[in-house]
Amino acid sequence: FDSDPILLERGECAALIGPNGSGKTTFLRTLLGQMPPLRGELKFGASLKVGYFAQAHDSLNPNNTVMEELLRHRHMLIGQARNYLAQYLFRTDDVFKPVSALSGGERGRLALALLALEDANLLLLDEPSNHLDIPAQEVLQEVLEHFDGTILLVSHDRYLIDHLATQIWELRDGSMHVFGGSYAELLAARARESEQ
């Protein structure tokens with residue numbers, strides 16, 4: 001697709017939206033270096049550390065318990081680990097559940113907890129609220145609201161987009177259209193255009 005240069009700076013959240021099949025996941029895969037750009041070039045900041053939500057999901061070891069999976073990623077005392085997991089709604093005996101027995105929402109929460117440990121300053125999130133139950137969606141939103149890095153969010157979840165996005169990147173008709181503002185502001189601008 002064609003596009004003007006786009007810039008995403010620290011602390012911003014861009015929501016990449018568009019119909020299914022428009023190239024959103026392909027764009028993320030290009031950013032991750034899994035595919036070469038069709039044209040143009042990518043320039044990353046020198047201190048950029050990327051965290052990818054789908055990879056965090058895929059790397060979970062089904063044979064570990066929730067606690068073992070956390071300790072596999074970061075050494076900490078058991079009390080610290082329990083407190084950390086409690087922030088992601090794993091409390092009491094939940095920390096001893098095997099990963100293989102977790103629901104989709106629980107796996108999402110665990111993946112998010114592990115991703116937060118990676119010290120990433122750019123999060124790439126491809127439909128992060130899919131398969132999450134309501135409590136997990138609330139945890140996701142709260143964690144992302146307090147994240148002090150940069151976020152590129154691919155989602156159809158308008159509520160999440162409206163709460164997080166500082167700019168909207170819309171894939172439409174083979175082009176990317178960048179709007180500097182929230183999703184609600186984009187809708188308001190479109191309504192004004194329609195009235196005129």
Checklist outcome for this item: Exception for residue 117 within (1) within 28 Å of residue 76 (Cα to Cα); (2) within 12 Å of the chain's Cα centre (by Cα); (3) open to solvent by less than 30 Å² (accessible area, probe 1.4 Å) falls at (2)
Checklist entry - Inside segment 150-189, can you point out the residues that are aliphatic (A, V, I, L, M), more than 19 Å from residue 138 (Cα to Cα) and in contact with a strand residue (DSSP E or B) (Cβ under 6 Å, 6 or more places away or on another chain)? => result 168, 176, 178, 186
Item to check | Residues located in segment 121-140, provided they are within 23 Å of residue 74 (Cα to Cα), open to solvent by 10 Å² or more (accessible area, probe 1.4 Å) and modelled with pLDDT under 85 | outcome: 139
Next on the checklist: I'd like to verify a number: residues in segment 79-102 that are at negative phi and free of Cβ contacts under 8 Å to residues at least 24 places away in the same chain, how many?
Outcome noted: 9
Next on the checklist: Please go through segment 72-117 and give me each residue that is closer than 13 Å to residue 140 by Cα and among the hydrophobic types (A, V, I, L, M, F, W, C), ordered by number.
Outcome noted: 89, 110, 111, 112, 113, 114, 115, 116
Checklist entry - If a residue has to be open to solvent by 50 Å² or more (accessible area, probe 1.4 Å) and under 19 Å from the mean Cα position of the chain (by Cα) to count, how many in segment 58-72 make the cut? => result 2
Checklist outcome for this item: Within segment 39-57, residues being open to solvent by less than 60 Å² (accessible area, probe 1.4 Å) and hydroxyl-bearing (Ser, Thr, Tyr) number 1
Item to check | residue 115 in contact with a Phe, Trp or Tyr (Cβ under 7 Å, 6 or more places away or on another chain), part of a helix (DSSP H, G or I) and either farther than 30 Å from residue 15 by Cα or not hydroxyl-bearing (Ser, Thr, Tyr) (or both) | outcome: yes
Checklist entry - For segment 73-99, how many residues meet the condition of being hydroxyl-bearing (Ser, Thr, Tyr) and surrounded by fewer than 15 Cβ atoms within 10 Å (Cβ to Cβ)? => result 1
Checklist entry - How about segment 55-77: which of its residues are touching a helix residue (DSSP H, G or I) at 6+ places or on another chain (Cβ under 8 Å) and more than 12 Å from residue 110 (Cβ to Cβ)? => result 63, 71, 74, 76
Item to check | Residues (free of Cβ contacts under 8 Å to residues at least 24 places away in the same chain, surrounded by fewer than 17 Cβ atoms within 10 Å (Cβ to Cβ) and either under 27 Å from residue 87 (Cβ atoms) or hydrophobic (A, V, I, L, M, F, W, C) (or both)) located in segment 141-178 | outcome: 142, 145, 146, 159, 162, 163
Item to check | Any helices (runs of 4 or more DSSP H) falling wholly within segment 124-196 and containing at least 3 residues that are basic (Lys, Arg) | outcome: none
Checklist entry - Do any residues in segment 41-55 that are farther than 15 Å from residue 147 by Cβ have Cβ atoms under 7 Å from those of residues that are open to solvent by 70 Å² or more (accessible area, probe 1.4 Å), where the two are at least six apart or on different chains, and which pairs are they? => result none
Item to check | Meets criteria (hydroxyl-bearing (Ser, Thr, Tyr) and under 14 Å from the mean Cα position of the chain (by Cα)) for residue 103 | outcome: no
Next on the checklist: Going residue by residue through segment 94-103, is there one that turns out to be in a helix (DSSP H, G or I) and of a type in the set (Gly, Ala, Ser)?
Outcome noted: yes
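The values are calculated or read from the model by the stated rules, or taken from the named source; none is laboratory data. Source: prediction; values computed, not measured. We place every Cβ from the backbone using ideal geometry, glycine too, and count neighbours over all the protein chains shown. Protein only, heavy atoms only, side chains kept; ligands, DNA and RNA dropped before computing areas. Shrake-Rupley method; radii C 1.70, N 1.55, O 1.52, S 1.80 Å.
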